[in-house]
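Here's the structure, in structure tokens; my notes come after.
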Amino acid sequence: MSKPFYITTPIYYVNDRPHIGHAYTTIAADMMARFHRIAGREAFFLTGTDEHGTKIAEAAEAAGVSEIEFCDGNVAKFKDVWTKLDIKYDYFVRTTSERHLEAVRKILDVMREAKSDDGQEVVYSDFYEGLYCKGCEKFMTEKELVDGKCSDHQTVPEKVKEKNYFFRLTAFLPTIKEKIESGELQILPDERRREVLGLLNQDLPDFSLSRERVKWGVPLTFDPSQVAYVWIDALSNYISAIGYADNETEFKKWWYDSEVVHLMAKDILKFHCLYWPAMLMAAGLPLPEKMFLHGYFTVNGTKMSKSLGNFIDPVDMIEEFGSDSTRYLLLTQYPFGLDGDIQANRFVIQYNSDLANDLGNLVSRVGKMIAVNFNGKMPSPSSGLAGMQDLMKLTERAPGEAYEHVKHFRLSHAIATGLNLVKAANKFFDETKPWVLAREGKTKELGGVLYACCEVLRIVSILLYPVMPNKMSELRKMLSLDDSTLTLDHAATFFDQAVGATIDVSEPLFPRKDVKKKTEAKAKPAKSKQVNDDNLIDISDFGKVKLKVAVVLSAEKVEGADRLLKLQIDAGKGKKQIVAGIAEHYTPEQIVGKKVIVVANLKPAVIRGIESNGMLLAAKKGKKLFVVTPDGDLPPGAGVS
Ligand code: MSP
């Protein structure tokens, strides 16, 4: 009997709502947990939210609510999307929960007492020196400053020296290297392992384990004037959730006696592959067995972003395709593990080809022939049909192959194994021509062909269940199968269905989608997404827009564009160019010298070949447009909130 399987996703930051990147990792983990379960293994699947730190406190402030209210709101959004996507986690960890806090306090205490192999204290106090902006309440790097000033507050940050506690990472690095090299700690895929070993060859410093000025965090047990560094807090979720501080039996089972797998993308490699093993060693705990770091994806060939119009909201995708097809489409875009591209503009085409045509069509053509020729009851199997041996061999090999793929994180391959069976059964159907057998009254052969196809469908309903749990359960209902046979063992035997069982496919499993309609809808996202008075946004969305007072330094008409003026403005950081559609309402002379309000954090856009770095606010009365001006003598760069 294999040992239990414990899989985790990163805990996601709650300063924003869930996006398709979070969904990708979470669906993958869900598929793996479900696959191991149908293979007879006990599995525990953990996900959750990372809720402390300055970024979240700032987002809460911008939204005008308390930190915890803000977190509660976004946690609900995460949970809601996971429910909509049929994510069956065993536990949802929140870093603000008392259970988690207790575990963080415990690991802090243990690490504080710990000594490294050479007898030095693992946690030591030292001074941290940096540039601190009082307005932002945070340390800033030289790179973040503009002309030596904080761009938000126009102030020179103070040089500050604060007492910090440090974690002696350097003491653990040689052992971590040994464990990775020996395979005791598996970093997968191999490219990521090499990346970690590369990092280990550099001079990595100890890291600061606490922050004095951050307020939204877990106070250190041994010095409550400081809070734990967010990564110390966040990484501890993997043990807090399984009883590190409050349930010895559960903790032993899932941490000591299981195959522990941390799943994530490559963006958080250093924290997981170096900091976390070091923390665990300091706390005297065993290391996880595997870390799998999949790639990062782009959408339609570019980095996903709201302004480029290629941002996919998981909720929109579920509304369009349903949960199962969303899961399927996301995991089959490119090989799991690599960097890749999500071809959202081809979703409908792929849905129609794989799900409606291949799988859906097999179900419906087989079911319809059983309805017409066998009164909707499963006919008897028959041996000796042309092509049947090949189909059976392929089918019998599939479960083992698919499971091997899953064990090695080749999720897209595992899914393809199921879909290849569907294609083979469609080919078998076409070649044995059951409609001719029916016409010629060859009932025995006809029944044999249909029985064999139903067997393939039954096995596919098991193999594709982990990625499409609902649709495969629906398919099983159509075949009169219950959950007791939803196991990989049952997928390994042919001739397992009861003769005479009801086969009912009256509803299409994957109705075809209209390609044209969807393409047109996709072509005009900006219009359909326009915000009007009834279309409410979250306050956190508003918080993302930075509005500033600016003065117009100069203005000129844009040749060939009656509506546009090219403006040079000062929004507090020197000269900036914007293109504004106000030429029909203001002459250059009328606008120069005016104080206006601009959106200062827009990505640059090119309008009529001219770069524009912002937008100014204007209001309309009838056909006349008025620029919005501040009431009061405000300097350029003053923030508008
Ligand atoms: N809170 C930390 C993790 C702490 S774990 C102890 C964090 N959160 S996050 O919200 O930024 O989530 C990062 C994770 O989201 C990635 O590791 C990956 O799992 C997922 N992804 C986000 N965008 C993605 C892509 N574009 N492509 C692939 N994965 C994506 O980091």
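Could you give me the radius of gyration and the Dmax of region 340-491, taking only the C-alpha atoms into account and expressing both in angstrom?
15.8, 51
Treating the angle as unsigned and between 0 and 90°, give the value, to the nearest 10°, between the Cα long axis of helix 20-38 and the longest Cα principal axis of the chain.
30
So what does log10 I(q)/I(0) come out to for region 248-332 at q = 0.18, 0.22, 0.24 Å⁻¹, using the Debye formula with one equal point on every Cα and no solvent?
Cα-only, vacuum Debye calculation for region 248-332: -0.90, -1.05, -1.16.
So what's the angle, to the nearest 10 degrees on a 0 to 90 scale, between helix 388-407 and the longest Cα principal axis of the chain?
It is inclined by approximately 30 degrees.
Per residue, how much accessible area does the chain show when a 1.4 Å probe rolls over the protein heavy atoms, in square angstrom? Could the numbers behind the result be given before it?
Working: 29780 Å² over 641 residues.
Heavy-atom SASA per residue in the chain reads 46 Å².
So what does log10 I(q)/I(0) come out to for region 66-192 at q = 0.14, 0.20, 0.21 Å⁻¹, using the Debye formula with one equal point on every Cα and no solvent?
-1.16, -1.07, -1.07
State, as an integer percentage, the relative contact order of the chain based on alpha-carbon contacts under 8 Å between residues 6 or more apart.
Across the chain, relative contact order equals 12 percent.
Check each of the GluC sites (Glu not before Pro) in region 553-621 and keep only those in coil by DSSP with at most 13 other C-beta atoms within 10 angstrom; list them in order. Before the final figure, lay out the partial values.
Numbers: sites: 556, 559, 584, 589, 611; in loops: 559, 584.
Passing sites in region 553-621 are 559, 584.
Report the extension gain between residue 501 and residue 628 in nm, rounded to one decimal, defined as 0.36 nm multiplied by the number of residues separating them, less their alpha carbon distance.
38.5 nm
Which of the aspartates and glutamates could a cross-linker bridge to residue 477, judged by Cα under 15 Å and excluding same-chain residues fewer than eight apart?
Straight-line reach from residue 477, under 15 Å: 455, 504, 507.
Where the accessible area of region 1-110 is counted over protein heavy atoms with a 1.4 Å probe, how much of it, in %, is carbon and sulfur?
Details: 1920 of 3740 Å².
Of the solvent-accessible surface of region 1-110, carbon and sulfur hold 51 percent.
On the full set of protein chains, 1.4 Å probe, figure out the accessible area of residue 435 and give it in Å² to the nearest 10.
110
Measure nothing but the geometry: give the 0 to 90° angle between the long axis through the Cα atoms of 54-63 and the longest principal axis through the Cα atoms of the chain, rounded to 10°.
Helix 54-63 sits roughly 80 degrees off the main axis of the chain.
Any idea what Rg and Dmax come out to for region 533-640 if you just take the C-alpha atoms, in Å?
Computed over the Cα atoms of region 533-640, radius of gyration and Dmax are 14.0, 39 Å.
Using a Förster distance of 35 angstrom, determine the FRET efficiency expected from the C-beta separation of residue 298 and residue 215, and round it to 0.05.
The pair residue 298/residue 215 has a calculated efficiency of 0.45.
Given region 108-160, report the % of alpha carbon pairs whose separation exceeds 12 Å.
Tail of P(r) above 12 Å: 69 percent of Cα pairs.
About the Cα centre, and with charges only on the beta carbon of Lys, Arg (+1) and Asp, Glu (-1), how big is the dipole of region 533-640? Nearest 20 debye, please.
On the way: 17 positive and 13 negative charges, 39 e Å.
Magnitude of the dipole: close to 180 debye.
For a Förster distance of 41 Å, can you work out the FRET efficiency between the beta-carbons of residue 98 and residue 607, rounded to the nearest 0.05?
Working: r = 53 Å, r/R0 = 1.29.
Approximately 0.20, to the nearest 0.05.
Between residue 156 and residue 401, what is the spin-label point distance in nm, taking each point 7 Å from the Cα along the Cα→C-beta axis?
A separation of 7.0 nm, rounded to one decimal place.
Under Stokes-Einstein, with the Kirkwood radius over Cα pairs standing in for Rh, what whole-number D in µm²/s applies to region 5-295 at 37 °C and 0.692 mPa s?
My calculation gives 163 µm²/s for D.
Per-residue accessible area for residue 620 at 1.4 Å probe radius, Å² rounded to 10?
Only protein atoms counted, so the area is about 150 Å².
Counting Lys and Arg as +1 and Asp and Glu as -1, each charge on the Cβ, what is the dipole of the chain about the Cα centre in debye, to the nearest 20?
Details: 84 positive and 87 negative charges, 458 e Å.
With only Lys, Arg, Asp and Glu charged at Cβ, the dipole is about 2200 debye.
With the crude spin-label approximation of a point 7 Å out along Cα→Cβ, what separation in nm comes out for residue 485 versus residue 121?
6.6
At 0.36 nm per residue, minus the direct Cα-Cα distance, what do residue 371 and residue 554 gain on full extension? Give it in nm, one decimal, please.
58.1 nm
Can you run phi through the Karplus equation (6.51, -1.76, 1.60; θ = phi - 60°) for region 364-377 and list ³J(HN,Hα) in whole Hz, with x for Gly and Pro?
With the stated coefficients, region 364-377 comes to 6, 5, 5, x, 5, 5, 5, 4, 6, 9, 10, 6, x, 10 Hz.
Given N residues in region 266-308, what is Rg(Cα) / (2.2 N^0.38 Å)?
Normalised Cα radius of gyration, region 266-308: 1.72.
Report the normalised scattering of the chain as log10 I(q)/I(0) at q = 0.05, 0.08, 0.10 Å⁻¹, calculated by the Debye formula with identical scatterers on the alpha carbons.
Log-scaled intensity ratios, in q order: -0.32, -0.75, -1.04.
Of the GluC sites (Glu not before Pro) in region 363-472, which ones lie in a loop per DSSP and count no more than 15 other C-beta atoms within 10 Å? Present the calculation step by step, with values, prior to reporting the outcome.
On the way: sites: 396, 401, 404, 431, 440, 445, 455; in loops: 440.
Here the GluC sites (Glu not before Pro) that fit, given the DSSP loop and packing criteria, are 440.
I'd like to know how region 398-448 sits against the 2.2 N^0.38 Å rule of thumb: what's its Cα Rg over that expected value?
1.64
Can you show me the helix-derived [θ] at 222 nm for the chain, built from DSSP H runs with n ≥ 4 at -39,500 (n - 2.57) apiece and divided by the number of residues, rounded to the nearest 500.
Calculated at 222 nm, the ellipticity per residue is -11500 deg cm²/dmol.
Taking H placed 1.01 Å from N in the peptide plane, check which residues at least 5 places from residue 5 or on another chain put their amide H under 5 Å from its amide H.
HN-HN under 5 Å from residue 5: 42, 43, 44, 259.
The values are calculated or read from the model by the stated rules, or taken from the named source; none is laboratory data. Bear in mind that the values here come from a model prediction, so they are computed numbers and not experimental data. Quick reminder, even Gly has a Cβ in these numbers, built from the backbone with ideal geometry, and neighbours come from all protein chains shown. Side chains are part of the model used for accessible areas, which takes the heavy atoms of the whole protein and leaves out ligands, DNA and RNA. Shrake-Rupley method; radii C 1.70, N 1.55, O 1.52, S 1.80 Å.
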